[in-house]
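Structure record follows, encoded as structure tokens.
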Amino acid sequence: MGVQEVRTDRNELLDTCLLAGRILIEGGSEMSRVEDTMSRIISNAGVKDAALFTTPTGIFASIQNQPFLQLRAIQTRDIDLEKIARVNTLSRQFAAKEINLSQFHRALIHLDGHVPYFPMWLQIICAGIVSALLMVVFTQQYDFFDIPLAGLTGAVGFVVATYIRRLTKIKFISELTGGLALALCALIGVRMGLGHNLDNILIGGVMPLVPGVAITNSIRDLMSGHLLTGMARGMEAVLTACAIGFGIAIIISL
């Protein structure tokens, strides 16, 4: 009976560890943070000699010299800093013995299915504000006539990309359609006399779609020695940028 209890505890530990790692990767965390969090969870549970292997599409965890091995597939990857922060908080609580393993596991399951999101209307407004402000930052031109159209263009591109992402599982389609929508909106606005400089408006409007966090994490993974993950994320970021640029180029060329 004692052996069975130990085996159950070890399996629950690996399940908790892999669940935390999967949430972190799906939230856009860099691999060094994922491996560090997973290793700390296992060591804080009193288990030594754990073997971990993480990739953008799957994670593995096992206890050396013992028949315990589990793996998890990563289906989606997005940017959700709220999930990353909450997993880190739960991990620190587990390290401080404020919660036990079972409570930690249940909290992760609840977090995985009930993450609070900002309402869509607020996200659209924020996308418009970011587009308008970054147009001024990157172009160094305070053309107040172009700022409203840049904000509207960024909001339109963000809305289209978000809803297309929900409708299809095909990668890069949402970025392509978002680029098409924002370029079309900017072009129509300039032709109607609502803006002056099409290039400046496009520079601001494209900002909500740019994979800045993915590029940063790719560089951080490469610098920390995660070459496979760094190259995979870097290529994904490059293809995302190409999809956005291709959508804009189609409208401009036509």
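The values are calculated or read from the model by the stated rules, or taken from the named source; none is laboratory data. Because the structure is a prediction, the values reported are computed rather than measured. Positions of Cβ are backbone-derived with ideal geometry, glycine not excepted, and every protein chain shown enters the neighbour counts.
Residues of the stretch 200-246 being over 16 Å from the mean Cα position of the chain (by Cα), under 25 Å from G157 (Cα atoms) and not polar (S, T, N, Q), which ones? Result: I201, L202, I203, G204, G205, V206, C242, A243, I244, G245, F246.
Only one of the numbered conditions (1) within 18 Å of N11 (Cα to Cα); (2) touching a Gly at 6+ places or on another chain (Cβ under 9 Å); (3) surrounded by 15 or more Cβ atoms within 10 Å (Cβ to Cβ) is not met by A73, and that is (3). Where helices (runs of 4 or more DSSP H) sit wholly within the stretch 2-107, those with at least 1 residues that are among the β-branched types (V, I, T) and over 29 Å from G234 (Cα atoms) occupy 2-26, 31-44. The residues of the stretch 75-98 that are of a type outside the set (D, E, K, R) and within 11 Å of G27 (Cα to Cα), listed by number, are T76, I79, L81, I84, A85, V87.
For L194, work out the one condition from (1) within 27 Å of the chain's Cα centre (by Cα); (2) touching a residue at least 12 places away in the same chain (Cβ under 8 Å); (3) farther than 19 Å from T162 by Cα it doesn't fulfil. The single condition L194 does not satisfy is (1).
Summed over the stretch 23-39, the residues that are surrounded by fewer than 22 Cβ atoms within 10 Å (Cβ to Cβ) and in contact with a strand residue (DSSP E or B) (Cβ under 7 Å, 6 or more places away or on another chain) give a count of 2. Pairs are defined by a Cβ separation below 9 Å, a sequence spacing of at least 6 or placement on different chains, a first member in the stretch 10-38 that is touching a residue at least 40 places away in the same chain (Cβ under 8 Å) and not assigned by TED's automatic domain parsing to the domain that holds V87, and a second member that is part of a loop (DSSP other than H, G, I, E, B) and aliphatic (A, V, I, L, M); no pair meets this definition. Scanning the stretch 231-241 for residues that are in contact (Cβ under 8 Å) with a residue 24 or more places away in the chain and out of contact with any helix residue (DSSP H, G or I) (no Cβ under 7 Å at 6 or more places or on another chain), we see that the one that is farthest from L202 (Cα to Cα) is A232. Does R165 qualify as being without any contact (Cβ under 8 Å) to a residue 12 or more places away in the chain and either assigned by TED's automatic domain parsing to the domain that holds D9 or part of a helix (DSSP H, G or I) (or both)? For R165, the condition - without any contact (Cβ under 8 Å) to a residue 12 or more places away in the chain and either assigned by TED's automatic domain parsing to the domain that holds D9 or part of a helix (DSSP H, G or I) (or both) - is met. Here the helices (runs of 4 or more DSSP H) wholly within the stretch 171-254 that include at least 2 residues being modelled with pLDDT under 90 and surrounded by fewer than 17 Cβ atoms within 10 Å (Cβ to Cβ) are 212-223, 227-253.
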